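Let me begin by presenting the structure, written as structure tokens, before commenting on it.
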Amino acid sequence: MLIGWASDTAGVSIPEIDLELGSGTLGGQVTTVEGLITKISESLERVHGFTFGDSIDDNRKSKWQDFRARLTKLLKVEEPWTLILDDAMANSFVAPATDDIKDDHQLTFDEYERSWEQNEELGLNDMDTSLADAAYNSTDAA
């Protein structure tokens, strides 16, 4: 499957491994699902790599190794798992595995109303559209 991100507004989560990345964490990109999982793994390794040196306690090191093993397991598709792309701007796309998206029963699309917090993060709560609204309404009347 192909994933295309047109913007940095997509968040990623995989409930089966308790992974949740906030919007914009990975930046905009076009990749396969496998490429996405690999990028997540590499990014986490890069960010946390230095914290897992000789001085780390065994419990934290074990948790990291377990999490990394679960990411690798996803790539091998040893069991079903769920990839959730949450994009408040609706700029994310996952290509269907079939010719017609209606025939791909592995994909679901949920449309929802953005929350106040999402609108705030996107700078939409304080946007004044009164001039645009007035111009739009005057064209409708003509």
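Basic side chains Lys and Arg get +1 at the Cβ, acidic Asp and Glu get -1 at the Cβ, and with that the dipole of the stretch 54-112 about its Cα centre reaches some 440 debye. For the pair E20 and D100, a Förster radius of 22 Å applied to the C-beta separation gives a FRET efficiency near 0.10, rounded to the nearest 0.05. Using the charge dipole of the chain (Lys, Arg: +1 at Cβ; Asp, Glu: -1 at Cβ; taken about the Cα centre), state which of N119, G22, L75 has its Cα farthest towards the positive end. Sorting the options by dipole projection puts first L75. Basic side chains Lys and Arg get +1 at the Cβ, acidic Asp and Glu get -1 at the Cβ, and with that the dipole of the chain about its Cα centre reaches some 760 debye. Rounded to the nearest Hz, the phi-derived 3J(HN,Hα) couplings of the stretch 18-29 under the Karplus curve 6.51 cos²θ - 1.76 cosθ + 1.60 (θ = phi - 60°) are 6, 9, 9, 10, x, 4, x, 4, 9, x, x, 6, where x marks glycine and proline. Over the chain, with a Gaussian network built from C-alpha contacts below 10 Å, which listed residue (A69, A90, A132) shows the highest mean-square fluctuation? In the Gaussian network model the winner is A132. Counted residue by residue at 0.36 nm each, then reduced by the alpha carbon distance between them, the extension gain from S41 to E113 reaches 22.8 nm. Plainly put, the chain has a radius of gyration that is 1.11 times its Kirkwood radius, both from alpha-carbon atoms, as the Rg/Rh ratio.
Overall shape: oblate for the stretch 96-142, with the ratio a/c of the largest to smallest alpha carbon gyration tensor axis at 1.5 or above and b/c at least equal to a/b.
We did not get these values from a lab; they are worked out from the coordinates using the rules stated. Please read all numbers here as calculations on a predicted model, not as lab measurements. Note that we place each Cβ from the backbone using ideal geometry, even for glycine, and neighbour counts take in every protein chain shown.
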